[in-house]
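K.L.:
Sending over a structure as structure tokens; questions will come in a sec.
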């Protein structure tokens with residue numbers, strides 16, 4: 001019979017657990033709020049026990065900061081999080097010890113990138129970026145078919161962008177950098193600048209061309225640094241259908257014909273796209289991590 | 001006996017050809033000016049003919065723009081260069097046909113990155129960037145042990161940087177983007193801003209803190225996007241011993257403790273470094289391309 005894989009989207013607010021082999025074959029699923037580590041991890045482990053005999057591996061996509069380095073003594077830990085009770089929690093180890101399974105572990109955005117690569121908007125591509133623009137700005141980078149970890153993992157939300165203080169006197173909200181990408185363009189930045197939630201701003205509001213401008217400046221940086229074959233943008237702020245066309249046009253304007261690739265020049269609608277897995281990116285991504293680790 | 005590898009640094013001004021197995025074993029070397037494709041490639045081919053029986057493969061590191069995609073019908077070509085006589089020249093094919101050897105081919109900066117990885121400042125690392133800041137600004141990116149190509153190849157000189165027009169009214173010199181990284185911080189930009197060549201500016205000139213600032217903004221972008229284990233900076237502009245300390249301090253100031261890695265916080269002298277292969281980066285890099293392609 002087909003071996004199954006388990007996926008855990010370990011979010012700061014809720015956990016989602018699933019068992020299956022992919023988006024069209026989810027055999028079971030559960031979701032519950034994130035409380036204490038003991039209670040939350042225990043509940044997730046109990047869910048998987050019912051499928052233990054059929055599971056070939058488990059993947060965990062975790063809120064952070066995490067240690068995703070398999071060579072590190074704290075691999076699989078949630079590390080310095082401000083979330084009460086969770087600092088220095090061995091999340092991957094709890095599953096591994098309780099279930100006796102190989103456990104793959106990474107950040108939520110890295111897992112989402114892997115999921116989009118396997119089943120979603122980046123199928124068949126080897127170099128792409130998955131970006132989420134919501135409460136924070138983060139991303140997973142895949143290059144040459146493999147997640148980029150490097151020193152720790154990318155922190156794409158914290159690049160510095162040109163900021164015209166006359167046109168936009170908003171100082172940014174990043175506690176570390178002020179007007180970095182996240183400081184200027186996250187959901188909370190949008191709300192702080194315009195004094196109302198982004199999803200309540202009308203489509204013709206000046207917020208949107210400015211938002212598209214900052215997003216485009218960041219995408220130009222990623223395009224020039226990584227030469228991605230596609231850029232996938234999710235997260236709450238991107239749930240505005242009018243934002244993608246503004247963003248694509250602004251990317252073309254800023255690149256000004258320099259990157260001579262049909263994907264950028266003629267097919268930008270397929271180059272800068274929303275995710276395909278949407279709300280399932282986390283749990284399917286974690287399942288994909290487990291399948292990648294198993295070489296499946 | 002040991003099989004040898006050939007390397008060709010195919011520059012727009014000069015060609016350097018060598019035969020050997022690495023920096024401590026260069027068996028023969030020649031250099032000559034770049035004239036017409038027929039004459040220049042013919043001269044390089046003649047050099048390698050003497051070693052043909054001992055060669056296991058050849059690598060070419062070429063001036064650009066080039067097509068480095070092995071799946072493309074114009075793989076190994078110099079494409080739309082303004083250099084007279086050279087547009088659409090099948091450089092790799094000329095060597096392959098004349099010598100009957102496997103020919104690896106890439107951009108000059110990609111080859112230099114591979115050379116630094118094999119023998120230079122990035123030995124033992126799998127994710128790093130090699131940046132050259134000279135007449136232009138370019139770079140090669142290695143992630144997970146492999147060169148990043150993606151859609152075409154990175155163009156790291158063309159990211160947009162914060163530009164305080166009051167502090168620095170210089171508009172930048174990039175014909176495509178004005179004040180992108182290359183437009184603000186290349187050698188010709190430095191010379192145009194200060195009306196004298198960079199290497200004639202004294203170490204206490206205000207040019208240098210400003211130069212360090214732009215370089216640091218770019219490195220912060222690369223650090224956040226790639227999480228490199230090291231950044232290697234070469235090129236004429238970096239030949240100023242006082243520039244590295246300014247640059248390292250400015251990177252730390254801009255990151256402001258956000259990237260919690262000892263490499264950044266405590267060992268930045270070993271994190272942002274000059275190349276180890278210096279003037280041999282091109283020809284050794286091309287040899288390294290050939291050895292990589294042969295799995296050696």
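Derivation of every value follows stated rules applied to the coordinates shown; laboratory data play no part. Remember, it's a predicted structure, so these values are computed and weren't measured experimentally. Neighbour counts are summed over all protein chains in view; Cβ atoms, including those assigned to glycine, are modelled from backbone coordinates with ideal geometry.
K.L.:
Summarise the partner chain shielding of A:225-232 as one whole number: the mean count of Cβ atoms from other chains within 10 Å of each residue's Cβ.
P.N.:
Average neighbour count from other chains, rounded to a whole number: 6.
K.L.:
Also: What distance in nm lies between label points placed 7 Å from Cα along the C-beta direction at residue B:242 and residue B:164?
P.N.:
Between residue B:242 and residue B:164, the label points sit 2.0 nm apart.
K.L.:
Find how much the distance from residue B:192 to residue B:256 grows on full extension, using 0.36 nm per residue of separation minus their present alpha carbon separation; answer in nm with one decimal.
P.N.:
Full extension from residue B:192 to residue B:256 adds 19.9 nm.
K.L.:
Can I ask one more? Calculate, in nm to one decimal, what residue A:83 and residue A:294 gain on full extension: separation in residues at 0.36 nm each, minus their alpha carbon distance.
P.N.:
Answer, rounded to one decimal: 72.8 nm.
K.L.:
Given springs between every Cα pair under 10 Å in a Gaussian network model of chain A, which of A:61, A:216, A:263 has the largest fluctuation?
P.N.:
Among A:61, A:216, A:263, the largest mean-square fluctuation in the Gaussian network model of chain A belongs to A:263.
K.L.:
Return the whole-Å distance between the Cα centroid of the stretch A:37-61 and the Cα centroid of the stretch A:100-166.
P.N.:
Centre-to-centre (Cα) distance: 25 Å.
K.L.:
Using a label position 7 Å from Cα in the Cα→Cβ direction, what is the ascending list of nm distances from residue A:69 to the same site in the other copies?
P.N.:
Sorted ascending, the copy-to-copy spacings read 3.6 nm.
K.L.:
Project the alpha carbons of the stretch B:122-274 onto their principal axes and report the range along each, largest first, in whole Å.
P.N.:
42, 36, 25
K.L.:
Okay, next question. Which value in Å is the Kirkwood Rh of the stretch B:142-195 over different Cα pairs?
P.N.:
12.5
K.L.:
Once the label point is placed 7 Å from Cα along Cβ, list for residue B:88 the distances to the corresponding points in the other copies, in nm, shortest first.
P.N.:
Nearest first, the other copies' label points are 6.7 nm away.
K.L.:
Can you compute the modelled spin-label distance between residue A:53 and residue A:28, with each label point 7 Å from Cα toward Cβ, in nm?
P.N.:
In this crude label model, residue A:53 to residue A:28 measures out at 1.2 nm.
K.L.:
Translational diffusion coefficient of the protein assembly as shown at 4 °C, 1.567 mPa s, Stokes-Einstein with Kirkwood Rh over Cα pairs, in µm²/s as a whole number.
P.N.:
This corresponds to a translational diffusion coefficient of 51 µm²/s.
K.L.:
Grab the Cα-Cα distance for residue A:266 and residue A:71, subtract it from 0.36 nm times how many residues apart they are, and report the gain in nm with one decimal.
P.N.:
Gain on stretching residue A:266 to residue A:71: 65.9 nm.
K.L.:
Across peptide B:255-263, how many C-beta atoms of other chains are within 10 Å of each residue C-beta, on average?
P.N.:
Mean partner shielding for this stretch: 4.
K.L.:
Could you give, in nm with one decimal, how far residue B:123 is from each other copy of that position, shortest first, with labels 7 Å out from Cα toward Cβ?
P.N.:
4.6
K.L.:
How high is the relative contact order of the stretch B:122-274, given as a whole-number percent (alpha carbon pairs under 8 Å, six or more residues apart)? Don't skip to the end; give the middle numbers.
P.N.:
Numbers: 235 pairs, mean separation 38.9, N = 153.
Once divided by the residue count of the stretch B:122-274, the mean separation gives 25 percent.
K.L.:
Can you tell me the 0 to 90 degree angle between the C-alpha axis of helix B:243-255 and the longest principal axis of chain B, rounded to 10?
P.N.:
60
K.L.:
If you don't mind, another one. For chain A, what does the relative contact order come out to in percent, with C-alpha contacts under 8 Å and a separation of six or more?
P.N.:
This gives 21 percent for chain A.
K.L.:
Using a Gaussian network model of chain B whose springs link C-alpha atoms within less than 10 Å, name the residue from B:184, B:99, B:151 with the highest mean-square fluctuation.
P.N.:
Checking each option, the largest mean-square fluctuation is seen for B:151.
K.L.:
Using only the Cα atoms of chain B, construct the convex hull and provide its projected area averaged over every direction, in square nanometres to one decimal.
P.N.:
Details: hull surface 62.9 nm².
Averaged projected area of chain B's Cα convex hull equals 15.7 nm².
K.L.:
Just tell me how shielded A:138-149 is by partners: mean number of partner chain Cβ atoms within 10 Å of each residue's Cβ, no decimals.
P.N.:
Taking all residues of A:138-149 together, the mean is 5.
K.L.:
Distance between Cα centroids, the stretch A:236-296 to the stretch B:172-236: provide it in whole Å.
P.N.:
The distance from the Cα centre of the stretch A:236-296 to that of the stretch B:172-236 comes to 30 Å.
K.L.:
Between A:225, A:79, A:34, find the one with the highest GNM mean-square fluctuation for chain A; connect C-alpha pairs within less than 10 Å.
P.N.:
A:225
K.L.:
Report, to two decimal places, the Cα Rg of the stretch B:1-78 normalised by 2.2 N^0.38 Å (N = number of residues).
P.N.:
1.13
K.L.:
Same structure again: Taking the beta-carbon count within 10 Å as an exposure proxy, list B:9, B:29, A:155 from fewest neighbours to most. Present the calculation step by step, with values, prior to reporting the outcome.
P.N.:
Values: B:9 27, B:29 14, A:155 21.
Ranked by crowding around the Cβ, least crowded first: B:29, A:155, B:9.
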